[in-house]
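The values are calculated or read from the model by the stated rules, or taken from the named source; none is laboratory data. Nothing here was measured: the structure is a model prediction, and the numbers come from that model. When we count neighbours, we look across all protein chains shown, and the Cβ atoms used for this are built from the backbone with ideal geometry, even at glycine.
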Amino acid sequence: MTRRLIPLALLVVFAATTAAQPAPKAAKDARFRVALESKLTMNGDGQEIKLDASASFDYTWKRNDKTRTLIVDALTVKVVADGKEMLDAKMSRAGIFTSTAGKKTNLKFEDAPEQVKKMLTDLFDSPICAIEVDAVGKEVKRKVLAGPGAIGVLDSGLIANCTMFHPWYESDKDEWRADVEVSAGETSVKGPLAYKKMPGGKGGQQIVKVSGTLTADGVKDRKGNTIKDGKYTITGQQTYDTTRKEWVAGQWSMDIAFAMTRNDKELARAKGTMAVTFEMLPEKK
C-alpha cells in the first residue's frame, strides 16, 4: 500500500494552483515565482503517510495587446515521506538536477538523451500557451502551444500553477468574484473565489483579500481514479499594482481534504494544509 500511496501523494504537489484569468494592458513582460509548502496526511488500507512537499515555478508572461503568452523558466520539487527524502529536483533548459534518497544525478542539456532534450526544449523557454482576454480582463480564449515533449508536465497542472495569482482586476468595484480551477494532480477542483479590496496599500498598490472554497465530487482523472469529497478552502491576500496593471505579490493558505477511489473502492484519503506565496521577480539582465 505504501508504494501505491506515494505516487498518489506526489500528484498533490501540483494541486494548489488556479486557472484564473490575467489582467490586460500591463506595462511590459513580467517574471514571477509561485512557491508551495504542503503538509499532508494520507491514509489507505490501514496505513498512514506523512507527506511534506514543496515546489516552485518560475515563469514569464509575455504581453501583446490583450494576449498573454506563457513561458516557463524553471521548476523545483521536493518530497519527504515519513521523514525520508523521496525526491529533490530542479529543472530548467540547462538540465535536470535531482537527489533521490540521497543519490544525486546531474544531467545537463548537452549530455541528455534526445527524448530528454525534446522535453526540456518544449517545456522551458518556449511558448506554452496563449490566453486572450476581453476589455475587462476576463479570459475569452486559450490555446495550448507547447510541443509534445511538455505534455506530461502540463497534465500535472503546470498552466494552472502559472495562472494562480493572475485573476482579472475590478477597477470600479470594491468586491467581485471569479471562477477558479485548481489543479489536483490529474484532475481539478473548481468554484468561485471572492476578492475584496482592503486598506493599507501604498504607492498605487491595492491589497485585496481572497477567500472561498473549491470543490470536486465524483470527478475522474486521466488515470481512471475518482476524486470524492474534495474541498480546497482558501484564505489570503494579493497585492495589485494599479500603475503596472499587474498583481505583484500574494500569500494564500489552503486547507485540503479529498478521497481518491477507483471502481468505487477507496484508495486513499488525504487531509492537510498548503501555504502558497507569489512574487514578481526582477527583470532578466
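The sole residue among I234, I227 that is closer than 20 Å to D155 by Cα, in contact (Cβ under 8 Å) with a residue 40 or more places away in the chain and among the hydrophobic types (A, V, I, L, M, F, W, C) is I227. Quick check on my filter: what residues within region 153-171 are of a type in the set (D, E) and either modelled with pLDDT of 85 or more or assigned to a strand (DSSP E or B) (or both)? Correct list: E170 only. Contact map, region 265-281: residues that are in contact (Cβ under 8 Å) with a residue 12 or more places away in the chain and hydrophobic (A, V, I, L, M, F, W, C) paired with residues that are loosely packed, with under 15 Cβ neighbours inside 10 Å and outside any strand (DSSP E or B), Cβ distance under 8 Å, separation 6+ or inter-chain. Pairs shown: L267/R4; A268/R4. Of all the criteria given as (1) of a type in the set (D, E); (2) modelled with pLDDT of 90 or more; (3) within 14 Å of the chain's Cα centre (by Cα), the one not satisfied by D174 is (3). Residues of region 123-169 that are touching a helix residue (DSSP H, G or I) at 6+ places or on another chain (Cβ under 7 Å) and among the hydroxyl-bearing types (S, T, Y): S156 alone. Among the criteria (1) over 20 Å from L158 (Cα atoms); (2) out of contact with any helix residue (DSSP H, G or I) (no Cβ under 7 Å at 6 or more places or on another chain); (3) not β-branched (V, I, T), the one M42 does not fulfil is (2). Exactly one residue among D65, D111, D134 is surrounded by fewer than 14 Cβ atoms within 10 Å (Cβ to Cβ), over 29 Å from K245 (Cβ atoms) and of a type outside the set (V, I, T), and that residue is D111. Applying the condition of being assigned to a loop (DSSP other than H, G, I, E, B) and in contact (Cβ under 8 Å) with a residue 24 or more places away in the chain to region 66-116 and asking which residue is farthest from L281 (Cα to Cα) yields D82. For region 43-53, the criterion of being surrounded by fewer than 17 Cβ atoms within 10 Å (Cβ to Cβ), at pLDDT 90 or above and of a type in the set (G, A, S) is met by none of the residues. Only a single item in (1) in a strand (DSSP E or B); (2) more than 17 Å from the chain's Cα centre (by Cα); (3) not polar (S, T, N, Q) is not met by V189, and it is number (2). Out of the residues in region 231-273 that are part of a strand (DSSP E or B) and of a type in the set (S, T, Y), state the one that is nearest to W168 (Cα to Cα). Across region 231-273, the extreme among qualifying residues is Y240.
Go through A194, A270 for me and flag whichever is at pLDDT below 95 and either among the aromatic types (F, W, Y) or more than 17 Å from the chain's Cα centre (by Cα) (or both). Break it down stepwise before answering.
Numbers: A194 fails: at pLDDT below 95.
From the options A194, A270, the qualifying one is A270.
Looking across D217, D264, D255, one residue alone is modelled with pLDDT of 95 or more and either under 17 Å from the mean Cα position of the chain (by Cα) or not polar (S, T, N, Q) (or both). It is D255.
Within region 130-149, the set of residues being within 18 Å of T60 (Cβ to Cβ) and without any contact (Cβ under 8 Å) to a residue 40 or more places away in the chain comprises R142, K143, V144, A146, G147. Quick check: is even one residue across region 179-190 farther than 25 Å from T261 by Cα and surrounded by 14 or more Cβ atoms within 10 Å (Cβ to Cβ)? Checked against the condition, which is being farther than 25 Å from T261 by Cα and surrounded by 14 or more Cβ atoms within 10 Å (Cβ to Cβ), region 179-190 yields at least one hit.
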